Amino acid sequence: MELQRKLLHGISATFLLLLFQLSSASSTGGHTAPFMTSDVNEVAGKSFDYIVVGGGTSGCPLVATLSKTYSVLLVERGGSPYGNHLIENESSMGFFNVPTNEPAYFVQPFVSEEGVPNVRGRVLGGTTAINGGFYGRAGEDFIEKAGWDGELVKDAYEWVESKVVFRPHKLTPWQSVVQEAFVEAGVTPFNGYTLDHVEGTKIGGRIFDENGKRHSAADLLMSGDCKRITVLLNATVQNVIIEHAGDGQRPRAHGVRFIKSHSTNSDDVYEVYLNQPKRTGSWGDVILSAGALGSPQILMLSGIGPHEHLKHFNIPPLIHTTQAGNGIQDNPGLAVVLNMSQALQKQSAGGPQVEGVARGFQIIIGSVTAPISVNVTVKGIVAKVANPLSRGELRLNSTDPRQNPLVKFNYFVEESDLDECVEVARLIERVARTKSIEMYLGRKQSRIVSRGGSIELKEFCKKNMISYSHYHGGCLVGSVVDEDYKVFGLEGLRVIDGSTLLDSPGTNPMATLMMLGRYQGIKMLRERHSHRERESSVIKLEEISIGVTDLEDDEL
């Protein structure tokens with residue numbers, strides 16, 4: 001019963017952040033960094049080829065890619081992660097997770113309508129700046145189902161991995177024990193080190209280097225053309241500027257409005273714009289990369305969503321779609337804190353190096369060492385339902401974009417998800433009671449519940465479920481955006497982030513979301529290059545036509 005009493009649901013919320021969310025952040029290392037400012041007056045009123053809203057997991061690699069050819073403005077609601085030891089050092093991970101709504105803090109807590117606590121990153125690098133740092137690719141079936149180009153996906157993954165991903169120099173003593181315990185509990189085979197999503201136990205990549213320094217999505221900005229990148233920090237986008245073109249054409253995004261993230265006066269609104277093309281040249285885009293909560297929220301604040309809901313907030317409806325905010329999903333999980341000696345409680349905090357994929361890819365399991373006070377850490381086993389069927393919805397709570405929207409994930413509305421959670425509980429118990437863990441901790445672990453029948457375990461799951469912060473959906477491909485991630489019904493607006501995903505890829509979404517930013521950036525460059533070539537051909541034909549027309553009759 002002691003394990004049950006110490007379930008994560010009842011201990012420090014610190015543990016939540018360490019459940020393999022996304023990625024991280026680090027110093028510039030001597031490289032020329034892009035221009036960063038929190039002074040809105042340095043940016044307001046200016047125009048750029050592209051405007052990216054959200055400097056998180058997908059937004060940063062997207063900006064870096066587009067900047068190779070075009071000017072890009074990145075609008076980030078949080079500040080810089082650089083120089084913050086709570087973000088950069090693995091040994092400090094988790095100490096920052098003090099639930100607070102202080103607007104300047106780089107972690108923003110929120111609670112689902114079911115009462116399940118969760119977090120959002122509010123800093124350049126996004127949630128990649130505050131997670132456990134484990135890196136693993138999506139499975140081949142996920143990539144195929146998404147309709148992505150396999151070769152371009154591979155290239156995009158490798159681009160990310162060459163810059164911010166590291167192979168563990170060596171496993172910590174605890175992670176070595178975890179590896180043995182997983183295999184002993186039947187999470188087989190042992191696959192060694194691999195970035196691929198394979199069933200069994202594996203050592204994965206990390207965004208912490210061998211010195212324990214975090215390298216987040218923010219670091220990827222320095223792989224772009226920094227002269228073409230402008231990063232506006234501490235600015236929260238209020239809505240997208242959308243104008244009607246007339247003549248039967250669809251409305252087009254022209255820019256964004258934003259406010260200062262920390263200002264008490266939300267009446268001070270600023271604007272930035274997309275560069276207007278010369279002659280018939282192609283436009284750039286406003287791209288929402290604000291995450292599964294932020295992107296659908298901004299769409300609704302811009303008049304794109306269920307009209308009756310928007311009218312309730314006096315938002316002029318532009319495009320009626322009941323799909324904006326729908327299909328949002330979270331992976332239910334469980335965690336137990338292990339019984340151990342006081343000597344072991346003095347070990348440093350650390351994220352996962354080893355993970356297990358079990359039951360036909362239906363369960364993801366791992367372990368972390370998490371702080372519960374300045375000098376005390378605990379070791380826990382955590383696992384999630386990898387492919388739940390239950391889905392929820394997101395709706396506005398306020399017209400203030402700095403406030404969290406309302407989110408209902410509808411955990412366990414599908415009975416099969418509850419059945420799978422029972423298997424999660426049983427696997428955690430098998431791992432916790434292995435000889436490998438007993439020998440290392442010096443004591444046998446108690447049972448999760450006194451009786452392990454399905455009925456008792458279902459109730460256990462309902463009472464003790466936690467979030468992995470791997471929530472996704474809300475702007476799904478095929479419902480809100482098309483296969484090119486363009487918002488249906490208008491021009492010049494895309495969504496590229498986790499809100500477009502139907503499921504959480506791999507062991508966690510970090511790798512695939514960074515890949516997605518790079519992947520879609522390359523596709524956009526290719527698309528615009530093709531448009532310019534077609535435009536150039538048309539102009540040449542026009543010039544030939546004009547030249548022939550100008551000739552005198554006797555010259556013909």
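Among the residues of segment 52-84, write down those that are within 18 Å of Asn234 (Cα to Cα) and among the charged types (D, E, K, R).
Keep residues of segment 52-84 that are within 18 Å of Asn234 (Cα to Cα), which gives 52-57, 59-60, 63, 72-84.
The answer is Glu76, Arg77.
Determine which single condition Ser436 fails, assuming it passes every other condition in (1) more than 30 Å from Pro109 (Cβ to Cβ); (2) buried (at least 23 other Cβ atoms within 10 Å of the Cβ); (3) of a type in the set (Ser, Thr, Tyr).
Against the list (1) more than 30 Å from Pro109 (Cβ to Cβ); (2) buried (at least 23 other Cβ atoms within 10 Å of the Cβ); (3) of a type in the set (Ser, Thr, Tyr), Ser436 comes up short only on (2).
List the pairs whose first member sits in segment 316-328 and is under 15 Å from Gly478 (Cβ atoms), whose second member is among the hydrophobic types (A, V, I, L, M, F, W, C) and open to solvent by 50 Å² or more (accessible area, probe 1.4 Å), and whose Cβ atoms are under 9 Å apart, counting only residues at least 6 apart or on separate chains?
Thr321/Phe488; Gln323/Phe488; Gly327/Leu502
Looking only at residues that are modelled with pLDDT of 95 or more and not in a strand (DSSP E or B) in segment 253-278, which one is nearest to the chain's Cα centre (by Cα)? Lay out the reasoning, then the answer.
Taking segment 253-278 and keeping what is modelled with pLDDT of 95 or more, we get 253-261, 269-275.
Subsequent filtering for residues that are not in a strand (DSSP E or B) retains 261, 269, 275.
Values: Ser261: 20, Val269: 27, Asn275: 28 Å.
Checked segment 253-278; the qualifying residue nearest to the chain's Cα centre (by Cα) is Ser261.
In the set Ile241, Ile287, which member is at pLDDT 95 or above, in a strand (DSSP E or B) and more than 19 Å from Gly56 (Cβ to Cβ)?
Numbers: Ile287 fails: more than 19 Å from Gly56 (Cβ to Cβ).
Step by step, each of Ile241, Ile287 is checked, and only Ile241 is at pLDDT 95 or above, in a strand (DSSP E or B) and more than 19 Å from Gly56 (Cβ to Cβ).
Please find, within segment 507-523, the residue that is nearest to Val160 (Cα to Cα) out of those that are open to solvent by less than 10 Å² (accessible area, probe 1.4 Å) and over 13 Å from the mean Cα position of the chain (by Cα).
Tyr519
Within segment 473-494, can you find the residues that are buried (at least 24 other Cβ atoms within 10 Å of the Cβ) and within 27 Å of Lys384 (Cα to Cα)?
Gly473, Gly474, Cys475
Which condition breaks for Ile87 when tested against (1) in contact with a Leu (Cβ under 9 Å, 6 or more places away or on another chain); (2) part of a helix (DSSP H, G or I); (3) buried (at least 24 other Cβ atoms within 10 Å of the Cβ)?
With (1) in contact with a Leu (Cβ under 9 Å, 6 or more places away or on another chain); (2) part of a helix (DSSP H, G or I); (3) buried (at least 24 other Cβ atoms within 10 Å of the Cβ) applied to Ile87, the lone miss is (1).
Give Leu232, Leu310 a once-over and let me know the one that is hydrophobic (A, V, I, L, M, F, W, C), modelled with pLDDT of 95 or more and under 25 Å from the mean Cα position of the chain (by Cα). Write out each step before concluding.
Numbers: Leu310 fails: under 25 Å from the mean Cα position of the chain (by Cα).
None of the others qualify; the one that does is Leu232.
Does segment 290-326 hold any residues that are in a strand (DSSP E or B) and crowded, with 23+ Cβ neighbours inside 10 Å, and which are they? Reasoning before the result, please.
Within segment 290-326, the subset in a strand (DSSP E or B) is 304-305, 319-320, 326.
Listed by number, the residues that qualify are Ile304, Gly305.
For Arg77, only one of the following conditions fails: (1) part of a helix (DSSP H, G or I); (2) of a type in the set (D, E, K, R); (3) under 19 Å from the mean Cα position of the chain (by Cα). What is its number?
Evaluating Arg77 over (1) part of a helix (DSSP H, G or I); (2) of a type in the set (D, E, K, R); (3) under 19 Å from the mean Cα position of the chain (by Cα) leaves (1) as the failure.
Please find, among Asn211, Asn191, the residue that is free of Cβ contacts under 8 Å to residues at least 24 places away in the same chain, surrounded by fewer than 17 Cβ atoms within 10 Å (Cβ to Cβ) and in contact with a strand residue (DSSP E or B) (Cβ under 8 Å, 6 or more places away or on another chain).
Numbers: Asn211 fails: in contact with a strand residue (DSSP E or B) (Cβ under 8 Å, 6 or more places away or on another chain).
Matching residue, one of Asn211, Asn191: Asn191.
In this structure, does Glu158 turn out to be within 21 Å of Ala217 (Cα to Cα) and either among the aromatic types (Phe, Trp, Tyr) or surrounded by fewer than 20 Cβ atoms within 10 Å (Cβ to Cβ) (or both)? Explain how you work it out, then say what you get.
On the way: within 21 Å of Ala217 (Cα to Cα): yes; either among the aromatic types (Phe, Trp, Tyr) or surrounded by fewer than 20 Cβ atoms within 10 Å (Cβ to Cβ) (or both): yes.
Yes, satisfied.
Can Trp174 be described as touching a helix residue (DSSP H, G or I) at 6+ places or on another chain (Cβ under 7 Å) and either β-branched (Val, Ile, Thr) or in a helix (DSSP H, G or I) (or both)? Give the derivation first.
Numbers: touching a helix residue (DSSP H, G or I) at 6+ places or on another chain (Cβ under 7 Å): no; either β-branched (Val, Ile, Thr) or in a helix (DSSP H, G or I) (or both): yes.
Judged against the criteria, Trp174 is not a match.
Of the numbered conditions (1) over 29 Å from Gly83 (Cα atoms); (2) surrounded by 14 or more Cβ atoms within 10 Å (Cβ to Cβ); (3) in contact with a helix residue (DSSP H, G or I) (Cβ under 8 Å, 6 or more places away or on another chain), Gly132 satisfies every one except a single condition; which is it?
If we test Gly132 against (1) over 29 Å from Gly83 (Cα atoms); (2) surrounded by 14 or more Cβ atoms within 10 Å (Cβ to Cβ); (3) in contact with a helix residue (DSSP H, G or I) (Cβ under 8 Å, 6 or more places away or on another chain), just (1) comes out false.
The values are calculated or read from the model by the stated rules, or taken from the named source; none is laboratory data. No experiment lies behind these values; they were computed from the predicted model shown. Because the Cβ atoms are built from the backbone with ideal geometry, glycine has one as well, and the counts that use them run over all protein chains shown. SASA here: full protein model, heavy atoms, side chains in, ligands and nucleic acids out. Shrake-Rupley method; radii C 1.70, N 1.55, O 1.52, S 1.80 Å.
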